[in-house]
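Encoded as structure tokens, the structure appears first; notes follow it.
The values are calculated or read from the model by the stated rules, or taken from the named source; none is laboratory data. Worth saying up front: this structure is predicted, and the values here are computed from it rather than measured. We place every Cβ from the backbone using ideal geometry, glycine too, and count neighbours over all the protein chains shown.
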Amino acid sequence: MNVLVYLVPLALALGAFGLAAFLWALKNGQFDDLDGAAWRAISDDDLPEDERH
Amino acid sequence: MTAAQDLSLFVRRPLDGVAAMDLVVEGVHCGACINAIEAGLRKQAGVRGARVNLASKRVTVEWNEGALEPPAILERLEALGYPAHPFAANTVDSVERAAEQQLMRCLGVAAFATMNVMLLSVALWAGADSDSNSATRDLFHWLSALVALPCVAYAGMPFFVSAARALKAGSLNMDVPISLGVTLALALSLFQTIAHERDAYFDSALMLLMFLLAGRVLDQRMRRRARDFATNLTAVRADRALKLVEGGEACETPIAAIHPGDLVLVRAGERIAVDGAVEDGRSEVDQSLVTGETMPIAVSAGAAVYAGALNLSGALRVRVTKEAGQALLDEVNALLAKAMEQRSSYVRIADRAARFYAPVVHLTALATFLGWLLVGAGWQHSLIVAITVLIITCPCALGLAVPAVQVVAAGALFRRGLLLNSGEALERLAEAGTIVFDKTGTLTDPRPTLANGADIAPADLALAGSLALSSKHPLAKAIADASGAKAPLSGHEFPGRGVSTLHHGKRVKLGSVAFCNAEAEAAPVAAAFPDASLIALKTPERKVVFAIRQGLRSDARETVASLARGHEIEILSGDRRAAVELVARELGVARFESDLKPKDKIERLKTLSAAGKRPLMVGDGLNDAPALAAAHVSISPVSAAHIAQAQADALFLGERLAPVADAVNFAVKARRLMVENLCLSLVYNAIAAPLAVLGYVTPLIAALAMSGSSVLVTLNALRARDA
């Protein structure tokens, strides 16, 4: 059962990391425009002008 | 547009030297639009950045302060092909938004805690506590408590606050048994943990909270979406007025920035955006949005005019007044205040269920405690069993039963062009007995159309249409639309009377009947269309009279007929009898009343309510606002006067009347599903509660039962998608 000594804190830390990521995303407005995000993923405006299609 | 624009009201200053403005953009559909707008705006000198929100159809633009004038942004967007309208987010919007963010944070915390506590619980259920000294089990329980207690304290806030508010007001809502169940479950689990006992319910309490929060988030999101949409509509309707500043210049100003005492110019063909008194000018106004009366009224200096009226013929200068001192507005406001006071405090179906449910549950728990005590189980064991009863009967499914249906039904109605202002509107809609329609602007299309097109020779219509294109008069627009004319004949406009021109060497006139001396020709047309405004065309050879009126909405007949199958239909109008009778006959409605004042409409609604008919009022005018507030439930078209829109429980979009019928059908179905869902959760309780009373419930059973019943009611709620 000694394995619990680091596995349990590890599990909790992973969960807390996920929670922190979620709260950051929420605060950062990542959930404000769910429709637009789907389109932005496929837009190629990060390419130089002549490589766009 | 020649007038300068004053947009300073909409400009924010997020940082020093940076100005920003939020705009509602028309015609944004996909990723290509996002690119076009953002790239297009960034190319404008001075613009720091632009961000499109596709979900809410808005764009936020930031620029270096002083580098450009705000109207330039509107022009740029217009040139890109996306007409935009500035708007200022109001406080209600930001409050709703903050509430949604807070609920999302609670949901995140609850989900985190549930996952981690489940991790420990599943290990225990799987046999991790089988070692003899049970040290592992205690460790896991303590860890669970460590996670659960602070998380519940945070994520349970929305429920605790609401429950406390209800108790303070001396009533019960669903949040009272929820809060009690969660708190007791935690307290019991903590006690069991300290006492090295086997059963703890941390996972059940957290899972319950997570399910309920998910329901709340969906509910809040639906409300915010409807509100966003309503804000966009207001922005697109562009309530701006031409304010006359010193020196006689006109400046286009949002009405929020116009104050009593300002002078406003209203040109022919424009809607009056403010309440006020005419300073000078002479014109006719169409007050149909205000009083329901379709005949234009002549106004001159000193006359009172109301926001929403259409200025037909001449330019007016209007002095903005406070609302007080105007007979009609005073009357409407007084009636409105009274109607809202009397609006029965409606008890939502979920709260009604809670009022019945909570005492039963709490009495059962008490009886369980006493029962176990009587058979000699000892007070400690008796208390534990009694609390498990409270946990197992905690209304998880009950709390989801109603909001889940509301969210699904509201989403379906939204796609059909109906916006619900509140979730409970759905419940009240389902109870509607009599459906009361206003005529003007509700049953009829607010845009005037040519009524006697069939009687007019195509050549005359084409000629009138070309001539009409040169006029700003709204009735002329109806003729131009009907003729499909593209090439305008340049004519000389006589304000308030008509236009005149030389066509192939002949004098042609289009205008009022008197302007064309067509009284003889007008008489039969007036008799055939008593509710129409008449326009005459005069050529040297002949005179033709056009009847123009607000025609019925294209699907009014079918919609009213389908509603009439389950409901009584009435028409209550402020318009003249002849006009109302015509519409009633066309729609096959037997009961109608005309020439009604706002208080007459309320009287009629009261009579209906007293007879237990629960009226649904559908209306749009300023004069309908008190009636909309007094009715059991109300719907307005989006073209309605502001004050009416604010009172309505739902708004319908577009030219068609069908959303009204959809609303009623969906509401009836949704109500049935709500009742079904409540019954489902009661059945679940009927099975689980006896097990709990007899002391057979373990944490595993509690967790399974809770998630099982929640999933069941959610799946059932999905059926609200189609009527």
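Can you pull out every residue in the stretch B:384-401 that is touching a Gly at 6+ places or on another chain (Cβ under 8 Å) and farther than 15 Å from residue B:183 by Cβ?
Correct list: B:385, B:399, B:400.
Residue under question is residue B:700, and the condition is that it be modelled with pLDDT under 85 and touching a Ser or Thr at 6+ places or on another chain (Cβ under 9 Å); does it hold? Outline the logic, then answer.
Details: modelled with pLDDT under 85: yes; touching a Ser or Thr at 6+ places or on another chain (Cβ under 9 Å): yes.
Spelling it out, residue B:700 is indeed modelled with pLDDT under 85 and touching a Ser or Thr at 6+ places or on another chain (Cβ under 9 Å).
Would you mind finding the one in B:454, B:478, B:485 that is more than 16 Å from residue B:551 (Cα to Cα) and either not hydroxyl-bearing (Ser, Thr, Tyr) or not in a loop (DSSP other than H, G, I, E, B) (or both)?
Values: B:454 fails: more than 16 Å from residue B:551 (Cα to Cα); B:478 fails: more than 16 Å from residue B:551 (Cα to Cα).
Among B:454, B:478, B:485, only B:485 is more than 16 Å from residue B:551 (Cα to Cα) and either not hydroxyl-bearing (Ser, Thr, Tyr) or not in a loop (DSSP other than H, G, I, E, B) (or both).
Given (1) hydroxyl-bearing (Ser, Thr, Tyr); (2) surrounded by fewer than 23 Cβ atoms within 10 Å (Cβ to Cβ); (3) farther than 30 Å from residue B:273 by Cβ, where does residue B:709 come up short, assuming only one miss?
Of everything listed in (1) hydroxyl-bearing (Ser, Thr, Tyr); (2) surrounded by fewer than 23 Cβ atoms within 10 Å (Cβ to Cβ); (3) farther than 30 Å from residue B:273 by Cβ, residue B:709 misses just condition (2).
Residues are listed down the side, and each one gets a yes or a no for (1) surrounded by fewer than 19 Cβ atoms within 10 Å (Cβ to Cβ); (2) in contact with a Cys (Cβ under 8 Å, 6 or more places away or on another chain); (3) at negative phi; (4) of a type in the set (D, E, K, R):
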| residue | (1), (2), (3), (4) |
| --- | --- |
| B:401 | no, no, yes, no |
| B:409 | no, no, yes, no |
| B:417 | yes, no, no, no |
| B:420 | no, no, yes, no |
| B:425 | no, no, yes, no |
| B:431 | yes, no, yes, yes |
| B:438 | no, no, yes, yes |
| B:448 | no, no, yes, no |
| B:455 | yes, no, yes, yes |
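For the stretch B:543-565, give me each residue that is over 42 Å from the mean Cα position of the chain (by Cα) and at pLDDT below 85. Lay out the reasoning, then the answer.
Step one: list which residues in the stretch B:543-565 are over 42 Å from the mean Cα position of the chain (by Cα), which gives B:543-544.
Selection gives nothing.
Would you check which residues across the stretch B:289-315 are touching a residue at least 60 places away in the same chain (Cβ under 8 Å) and outside any loop (DSSP other than H, G, I, E, B) and list them?
Looking only at the stretch B:289-315, we keep the residues that are touching a residue at least 60 places away in the same chain (Cβ under 8 Å), and these are B:289-296, B:306-308, B:310, B:312-315.
Those that are touching a residue at least 60 places away in the same chain (Cβ under 8 Å) and outside any loop (DSSP other than H, G, I, E, B): B:289, B:290, B:291, B:310.
Do the conditions hold for residue B:115, that is, is it aliphatic (A, V, I, L, M), facing another protein chain (nearest Cβ under 10 Å) and within 36 Å of the chain's Cα centre (by Cα)? I'd like the intermediate steps shown before the answer.
Working: aliphatic (A, V, I, L, M): yes; facing another protein chain (nearest Cβ under 10 Å): yes; within 36 Å of the chain's Cα centre (by Cα): no.
The answer is no for residue B:115.
Residues of the stretch B:403-443 being among the polar types (S, T, N, Q), in contact with a Gly (Cβ under 8 Å, 6 or more places away or on another chain) and within 18 Å of residue B:631 (Cα to Cα), which ones? Don't jump to the end; show me each part of the working.
As a first pass, look at the stretch B:403-443 and keep what is among the polar types (S, T, N, Q): B:406, B:421-422, B:434, B:440, B:442.
From what's left, in contact with a Gly (Cβ under 8 Å, 6 or more places away or on another chain): B:406, B:440, B:442.
Of everything in the stretch B:403-443, just one residue is among the polar types (S, T, N, Q), in contact with a Gly (Cβ under 8 Å, 6 or more places away or on another chain) and within 18 Å of residue B:631 (Cα to Cα), namely B:442.
Grab the helices (runs of 4 or more DSSP H) fully contained in the stretch B:114-229, keeping just those with 2 or more residues being among the hydroxyl-bearing types (Ser, Thr, Tyr). Show your work before the answer.
Details: elements: B:135-155, B:157-168, B:175-194.
Of the helices (runs of 4 or more DSSP H) lying wholly inside the stretch B:114-229, those with at least 2 residues that are among the hydroxyl-bearing types (Ser, Thr, Tyr) span B:135-155, B:175-194.
Somewhere in the stretch A:35-43, is a residue more than 10 Å from every other protein chain (Cβ to nearest Cβ) and either modelled with pLDDT of 85 or more or farther than 30 Å from residue B:123 by Cα (or both)?
Keep residues of the stretch A:35-43 that are more than 10 Å from every other protein chain (Cβ to nearest Cβ), which gives none.
Taking every residue of the stretch A:35-43 in turn, none turns out to be more than 10 Å from every other protein chain (Cβ to nearest Cβ) and either modelled with pLDDT of 85 or more or farther than 30 Å from residue B:123 by Cα (or both).
In this structure, is residue B:103 more than 19 Å from residue A:10 (Cβ to Cβ), assigned to a helix (DSSP H, G or I) and not acidic (Asp, Glu)? Write out each step before concluding.
Values: more than 19 Å from residue A:10 (Cβ to Cβ): yes; assigned to a helix (DSSP H, G or I): yes; not acidic (Asp, Glu): yes.
The answer is yes for residue B:103.
Which members of the stretch B:38-65 meet the condition of being within 11 Å of chain A (Cβ to nearest Cβ) and either of a type in the set (A, V, I, L, M, F, W, C) or not in a helix (DSSP H, G or I) (or both)? Give the steps one after another, and end with the answer.
Taking the stretch B:38-65 as the starting set, the residues that turn out to be within 11 Å of chain A (Cβ to nearest Cβ) are B:38-39, B:42, B:51-60.
If the condition is that a residue be within 11 Å of chain A (Cβ to nearest Cβ) and either of a type in the set (A, V, I, L, M, F, W, C) or not in a helix (DSSP H, G or I) (or both), then B:39, B:51, B:52, B:53, B:54, B:55, B:56, B:57, B:58, B:59, B:60 are the ones that fit.
Within the stretch B:594-632, track down each residue that is touching a Lys or Arg at 6+ places or on another chain (Cβ under 7 Å) and without any contact (Cβ under 8 Å) to a residue 40 or more places away in the chain.
Of everything in the stretch B:594-632, those that are touching a Lys or Arg at 6+ places or on another chain (Cβ under 7 Å) and without any contact (Cβ under 8 Å) to a residue 40 or more places away in the chain turn out to be B:594, B:595.
Report yes if residue B:546 is of a type in the set (A, V, I, L, M, F, W, C), more than 20 Å from residue B:425 (Cβ to Cβ), in contact with a strand residue (DSSP E or B) (Cβ under 6 Å, 6 or more places away or on another chain) and surrounded by fewer than 21 Cβ atoms within 10 Å (Cβ to Cβ), otherwise no. Spell out how you get there, then give the answer.
Numbers: of a type in the set (A, V, I, L, M, F, W, C): yes; more than 20 Å from residue B:425 (Cβ to Cβ): yes; in contact with a strand residue (DSSP E or B) (Cβ under 6 Å, 6 or more places away or on another chain): yes; surrounded by fewer than 21 Cβ atoms within 10 Å (Cβ to Cβ): no.
The answer is no for residue B:546.
Read through the list (1) more than 13 Å from chain A (Cβ to nearest Cβ); (2) within 19 Å of residue B:700 (Cα to Cα), then give the number of the only condition that residue B:170 fails.
Here residue B:170 meets the rest and fails (2).
So residue B:202 ticks every box in (1) of a type outside the set (D, E, K, R); (2) modelled with pLDDT of 85 or more; (3) in contact with a Phe, Trp or Tyr (Cβ under 8 Å, 6 or more places away or on another chain) but one. Which box is left unticked?
Among (1) of a type outside the set (D, E, K, R); (2) modelled with pLDDT of 85 or more; (3) in contact with a Phe, Trp or Tyr (Cβ under 8 Å, 6 or more places away or on another chain), residue B:202 violates only (3).
Could you list, ordered by first residue, the pairs with Cβ atoms under 6 Å in which the first is in the stretch B:277-288 and closer than 13 Å to residue B:265 by Cα and touching a residue at least 60 places away in the same chain (Cβ under 8 Å) and the second is among the polar types (S, T, N, Q) and buried (at least 21 other Cβ atoms within 10 Å of the Cβ), at least 6 apart or interchain?
Pairs found: B:283/B:311; B:283/B:313.
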